[in-house]
Amino acid sequence: MSGAPDPAAVRARHADGPFLRACRGEAHDTVPVWFMRQAGRALAEYREVRARHSFEEVIHTPELAAEVTLQPIRRYGVDAAILFSDIVTPLAGLGIGVTIEPGVGPVVAEPVRRMEDLVRLRRLEPEEDLPYVLQTVDLLVAELAVPLIGFAGAPFTLASYLVEGGPSRSYTHTKALMFQDELTWHRLMDLLAGVTLASLRAQVEHGAAAVQLFDSWAGALSPADYERFVLPHTQRIMEGLEDLDVPRIHFGVATGELLGLMASAGADVVGVDWRVPLDEGRRRIPVGVGFQGNLEPAVCLAPWETVVARVRDVLARAGARHDHVFNLGHGVLPPTDPGVLAQIVDLVHEEGEVRDPAEVRAEDAAHA
Ligand code: 1CP
């Protein structure tokens, strides 16, 4: 780690910014905003890098990965950066044959479906298995004027790619394994939780100031099944991060019925997708846990007057609470005009008011 910046000093530098203060439920004066998938195909400068390098090359070359992480920071004026990598990168680092196919997503040549297949999932040693990821973090934290969010895929979402062999709509093989062979299922989830925890800890040890756990596809499960088959593993990850004292954001798509359970896993902030009105989402998340969201990503493709009205609606539903982080309800869609995202950031910063936390807490207590 010679020459790498001191991670504690890096985090201290950003501690007073609105993003980390909102995540910790502390007073601040502008609503922080960042966008899931803010790096990527919406940006011409990203497409230019990708015209010369494959996705894997970008991730394996710290200078390129850092460059594409910084592109949206320069363009949008967002309050946080998110590391450019992918949720399957740690699995690829373990030597599991997983590739990112353009226009498809992660593809696993030999899916994992039986107990015998689990030998392919050994323990992750981030310094040896993912040196390029940690070097990217080092480069970024030395340069960034905003906090860096580290991230990883949660066990269910990772399992969905490993078991299906690629993106899926129904998660049939994944659920079949879950219901047919609970022992293998929990063993797989336990191994993946270990991989995710090791990857997140290493990113924080290198200076990431917050982490987001993406359980993008957990919304495919009922609350009872989520509680039985997923929650214990996610809890282990959240608990394993506690001593690092960085905000833990927990996000999934179509998780309206799971928001309370996702908070109970130990999150500091729960991401809400666009299907749930944000005030209703807030009610489903326990007091003391922050919330993030939730502009419908496709609204960014609408005429500007519509965008303005919908951004204002999200802000109104967030109630000027001190524990709100503005975001989309899922990732930026590739046809999005970057100019619109930059204008959304300005609008949120101009119009997003933040009330005194003491006032909000008194109100919460009165409603409890
Ligand atoms: O062609 C390309 O350039 C590849 C497209 C791409 C990109 C830009 C993929 C393939 N991954 C990424 C980067 C990425 N992935 C980031 C960093 C960019 C940023 O946020 O600014 C992050 C945080 C992810 C995380 C990720 N990958 C998730 C969780 C977030 C989410 O959107 O729910 C998931 C589910 C993946 C899997 C994945 N990787 C790539 C694709 C197209 C997909 C989704 C496939 C599917 O629909 O199942």
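What order, most packed first, do the peptides 241-247, 114-120 have when packing is the mean number of other Cβ atoms within 10 Å of each residue? Walk me through the intermediate numbers first.
On the way: 241-247: 15.7, 114-120: 12.4.
Taking the mean over residues of other Cβ atoms within 10 Å, the ranking is 241-247, 114-120.
Our note on the geometry: Cα centres of region 51-79 and region 99-159, 16 Å apart.
Model label sites at D356 and E116, defined 7 Å from Cα along the beta-carbon direction, differ in position by 6.8 nm.
Of the peptides 16-29, 197-210, 284-297, 50-63, the order by per-residue mean of other Cβ atoms within 10 Å, starting with the highest, comes out as 197-210, 284-297, 16-29, 50-63.
Helices in the chain, meaning DSSP H runs of at least 4 residues, each add -39500 (n - 2.57). Divided by all residues, the mean residue ellipticity at 222 nm is -14500 deg cm²/dmol. Our summary gives the chain a relative contact order of 22 percent, counting only alpha carbon pairs under 8 angstrom and 6 or more residues apart. In sequence order, region 156-163 has phi-based couplings of 4, 5, 5, 4, 4, 6, 5, 7 Hz under the Karplus curve 6.51 cos²θ - 1.76 cosθ + 1.60, θ = phi - 60°, and Gly or Pro positions carry x. Would region 283-368 count as rounded, prolate or oblate if I go by the C-alpha gyration tensor, calling it rounded below 1.5 in a/c and otherwise prolate when a/b exceeds b/c, oblate otherwise? Judged from the Cα gyration tensor, region 283-368 comes out prolate (a/c at least 1.5, a/b above b/c).
For the chain, the alpha-carbon coordinates run over 55, 47, 41 Å along the three principal axes, in decreasing order. The residue among G288, S170, A309 whose Cα reaches farthest toward the positive pole of the charge dipole of the chain, with charges on the beta-carbon of Lys, Arg, Asp and Glu, is S170.
Each Cα pair under 8 Å and six or more residues apart adds its sequence gap; the mean of these over the residue count of region 191-298 is a relative contact order of 25 percent.
Take every Cα pair under 8 Å whose residues are at least 6 apart in sequence, average their separation, divide by the length of region 218-368, and the relative contact order is 19 percent. Phi-derived couplings, Karplus 6.51 cos²θ - 1.76 cosθ + 1.60 at θ = phi - 60°, listed residue by residue for region 180-190: 8, 9, 4, 5, 5, 4, 5, 5, 4, 5, 5 Hz, with x used for Gly and Pro. Roughly how many Å is it from the Cα centre of region 214-239 to that of region 1-46, as a whole number? If we compute the Cα centre of each part, the gap is 26 Å. Computed from backbone phi, the HN-Hα couplings of region 166-178 come to x, x, 9, 9, 10, 6, 4, 5, 5, 5, 4, 4, 4 Hz, rounded to whole numbers (Karplus: 6.51 cos²θ - 1.76 cosθ + 1.60, θ = phi - 60°; Gly and Pro given as x).
Only Lys, Arg, Asp and Glu carry charge here, each on its Cβ (+1 for the first two, -1 for the last two); on that basis the chain has a dipole of about 640 debye about its Cα centre.
Computed from the coordinates by the stated procedures, all read-outs in this text should not be read as laboratory data. This one's a predicted model, so the numbers in the text were calculated from it and none came from an experiment. In this analysis, Cβ positions are derived from the backbone assuming ideal geometry, glycine residues included, and neighbour counts consider all displayed protein chains.
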